[in-house]
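Shown next, in structure tokens, is the structure this report addresses.
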Amino acid sequence: MTSRIITLPNLLTIFRMVLIPVFVSMLFYQKFVWALATFIIAGVTDGLDGLLARRFDQQSELGRILDPIADKLMLVASFIVLSMRGVFPNPIPKHLPIPFWVTITVISRDVFILVGAAAINVMMGFRGFRPSLPGKISTVVQIVTIAAVMFGATVRFGTGYYLPTLYTCVFALALLSGIHYIFFVSRLLNDDRR
């Protein structure tokens with residue numbers, strides 16, 4: 001049992017969770033370059049833990065639970081902190097901070113999926129939840145947006161051109177992937193019953 005819990009992929013996932021307060025602190029103290037570096041390190045460890053789990057057959061139930069939680073915690077923390085005006089130096093660059101309507105859409109989608117999955121698990125005992133393709137695309141666009149916001153806070157040039165487009169994409173994909181997930185989970189449940 002211990003060998004399936006204390007694995008290198010799980011340790012990398014825990015390390016990624018430890019990076020979240022470091023990342024938020026860097027943002028709070030307006031160290032955007034360091035925050036971006038921390039965000040990139042978290043992204044690299046995210047890719048690495050999955051790769052190592054498959055390569056060395058170290059996949060575990062704990063890893064399947066912790067990995068998406070670590071990803072969502074990092075993204076939700078990023079959107080919340082980068083929606084605060086006080087995080088950015090004056091004068092605040094154009095189209096910063098992240099609009100509240102974008103942040104609340106991202107968080108609402110994740111809460112909706114989490115509560116729905118928990119309810120289905122309690123009522124039906126189903127645990128075969130998997131990420132959907134629109135959900136993966138939505139996550140990638142969210143990551144790109146967070147990186148672009150930190151870049152825009154540092155460089156302060158051209159934010160009026162790319163940030164509004166990214167905000168719209170994040171909003172639209174969060175809505176579409178949330179709606180799609182209802183049908184996706186219905187199909188998973190039907191397959192499981194068969």
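A short reminder: the numbers here are calculations on the coordinates, not readings from a lab. Note that the coordinates shown come from a computational prediction; the quantities given were computed from them, not determined experimentally. Please note: Cβ atoms are built from the backbone with ideal geometry, for glycine as well, and neighbour counts cover all protein chains shown.
Rounded to two decimals, what ratio of Rg to Rh does the chain give with C-alpha atoms and a Kirkwood Rh?
1.00
In a Debye calculation with equal point scatterers on the alpha-carbon sites of the stretch 1-81 and no solvent, what is log10 I(q)/I(0) at q = 0.17 Å⁻¹?
Ignoring solvent entirely, the Cα scatterers give -0.64.
Relative contact order of the stretch 1-80: what whole-number percent is it, with Cα pairs under 8 angstrom and at least 6 residues apart?
Relative contact order, the stretch 1-80: 49 percent.
Suppose every Lys and Arg Cβ carries +1 and every Asp and Glu Cβ carries -1, with no other charges. What dipole size does the chain come out with about its Cα centre, to the nearest 20 debye? Provide the component values of the computation, followed by the final result.
Numbers: 17 positive and 9 negative charges, 34 e Å.
So the dipole magnitude of the chain works out to roughly 160 debye.
Show me, for the stretch 49-61, the HN-Hα J-couplings you get by feeding each phi into the Karplus relation (A = 6.51, B = -1.76, C = 1.60, θ = phi - 60°), rounded to Hz, glycine and proline as x.
Once rounded to whole Hz, the list reads 5, x, 4, 5, 4, 6, 5, 9, 6, 10, 6, 9, 4.
Convex hull over the alpha-carbon atoms of the stretch 86-194: what's its volume per residue in Å³?
Value for the stretch 86-194: 95 Å³ per residue.
Compute the distance from the alpha-carbon center of the stretch 133-157 to that of the stretch 67-122, in whole Å.
12
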